[in-house]
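All remarks here apply to the structure that follows.
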Amino acid sequence: GNFIPPIKSNGGNTGNVTTRVAGKSDDASDDSAKRCLEMLCGPDGELPEKLRNLEPRLIEHISNEIMDRDPNVRWDDIAGLDHAKKCVTEMVIWPLLRPDIFKGCRSPGRGLLLFGPPGTGKTMIGKAIAGEAKATFFYISASSLTSKWIGEGEKLVRALFGVASCRQPAVIFVDEIDSLLSQRKSEGEHESSRRLKTQFLIEMEGFDSGSEQILLIGATNRPQELDEAARRRLTKRLYIPLPSLARAWIVRNLLEKDGLFKLSKDEINTICSLTEGYSGSDMKNLVKDASMGPLREALKQGIEITKLKKEDMRSVTLQDFEDALQEVRPSVSSNELGTYDEWNKQFGSLS
Ligand code: ADP
């Protein structure tokens, strides 16, 4: 009730932007919200139309928690997935870099779906897109919209798309998009989640028809739960499968980064054949566990952790990986993989 919308003074002085926040009175949070609003004001000092009726604290939340100015992931950090990288470059990165060429017949789709087992690099791809296309990256988990922002999800969605349109080119990454756009709840669906879904589809429709440089990427482990409306808007649907040869790359890359890589080619091949069915994220956990091997051994020999020198530790061996394999099991079952293949055949972008 005590919310006062931001208003411009007659002189266009942004210092007059009012940022009293409903339910909050401390100066620090007022200041932070004010700074966020000021950063979004145009050269004339005015807040863009789309943001005028939104609550400052939501804009502040988007700016501070959801917007990532430097996503810091590049294509080279992602192992394998050459097909996905190629499609995404053509569909997303070139159009974001050269909007003048990609219009008319060449105008790109504005919605991309990345589907597949968890921990296979979908979020990494989203970040890399933003990084390579020099776009602002917005990350939101759809389940947090329905759980954490109960009753406010709609407003947050509006604020999200509003801020994105002021930060173009922009990539909005919606993780677990199935929990927002699922078909399951259509019968007897909760009123607030139905409204949230409608608002989301309206926002998507809005930027799809305009000339805005905003790309929406949805990621899901449960593509079969998406309804027809969602599929229609997410025009390109890319399967992000479990890594095959890329498993070796992940091991090498992670160990090399820490200067711990001493394995032979044969040993790497053995690790690769022992990890059939592991996701990229499982591989990361495996490397973490294996790299604890030398440390555990040194401590077993009685060296105190506070006195331990890095030189006292041996390098990571195949045996460390074999031990770690007992602890770190694959997180995706083969039944689940069948479901992805089926859905990919029916709805996926295969070329
Ligand atoms: P998803 O979004 O598909 O659930 P993420 O992109 O969040 O998975 O990946 C989780 C972690 O697993 C990453 O931070 C990375 O360390 C590792 N990972 C997964 N896939 C790959 C890959 N293809 N290349 C390199 N690392 C990967």
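Scanning region 134-167 for residues that are in contact with a His (Cβ under 9 Å, 6 or more places away or on another chain) and more than 25 Å from ASN221 (Cβ to Cβ) yields one hit, ALA159. Considering the conditions (1) modelled with pLDDT of 70 or more; (2) out of contact with any helix residue (DSSP H, G or I) (no Cβ under 8 Å at 6 or more places or on another chain); (3) not β-branched (Val, Ile, Thr), GLY45 is excluded by exactly one of them, (2). Just one of the listed residues (LEU238, LEU215) is of a type outside the set (D, E, K, R), more than 16 Å from the ligand (Cβ to nearest atom) and surrounded by 22 or more Cβ atoms within 10 Å (Cβ to Cβ), and it is LEU215.
Within region 221-293, considering only helices (runs of 4 or more DSSP H) that don't extend past its boundaries, which have at least 3 residues that are over 27 Å from the mean Cα position of the chain (by Cα)? Full working, then the answer.
Values: elements: 228-233, 246-257, 265-274, 280-290.
Fully inside region 221-293 and qualifying: 265-274.
For region 143-174, the set of residues classified as within 16 Å of the ligand (Cβ to nearest atom) and modelled with pLDDT of 85 or more consists of VAL171, ILE172, PHE173, VAL174, listed by residue number. Pairs under 7 Å by beta carbon, first residue at positive phi in region 117-129, partner of a type outside the set (Ser, Thr, Tyr), six or more apart or different chains? Pairs found: GLY119/GLY280; GLY119/ASP282; GLY121/ILE78; GLY121/LEU81; GLY121/ILE240; GLY121/GLY280.
For ASN269, the requirement of being surrounded by fewer than 19 Cβ atoms within 10 Å (Cβ to Cβ), away from the ligand (no atom under 16 Å from the Cβ) and among the polar types (S, T, N, Q) is met. Scanning region 97-129 for residues that are closer than 16 Å to ILE78 by Cα and more than 13 Å from the ligand (Cβ to nearest atom) gives no hits.
Which is among the hydroxyl-bearing types (Ser, Thr, Tyr), within 16 Å of the ligand (Cβ to nearest atom) and farther than 30 Å from GLY45 by Cα, of SER192, SER179? Break it down stepwise before answering.
Details: SER192 fails: within 16 Å of the ligand (Cβ to nearest atom).
Sole residue among the options that is among the hydroxyl-bearing types (Ser, Thr, Tyr), within 16 Å of the ligand (Cβ to nearest atom) and farther than 30 Å from GLY45 by Cα: SER179.
Among the residues making up region 162-179, those that are surrounded by fewer than 24 Cβ atoms within 10 Å (Cβ to Cβ) and within 19 Å of GLU49 (Cβ to Cβ) are GLY162, SER165, CYS166, ARG167, GLN168.
Test GLU187 against the stated conditions and say whether it is at negative phi and modelled with pLDDT under 85.
Numbers: at negative phi: yes; modelled with pLDDT under 85: yes.
So GLU187 passes the test.
Residues that are part of a loop (DSSP other than H, G, I, E, B) and small (Gly, Ala, Ser) were ranked within region 95-109; the one that is surrounded by the fewest Cβ atoms within 10 Å (Cβ to Cβ) is SER107.
The values are calculated or read from the model by the stated rules, or taken from the named source; none is laboratory data. The model shown is predicted, which means the values in this text are computed figures rather than measured ones. In this analysis, Cβ positions are derived from the backbone assuming ideal geometry, glycine residues included, and neighbour counts consider all displayed protein chains.
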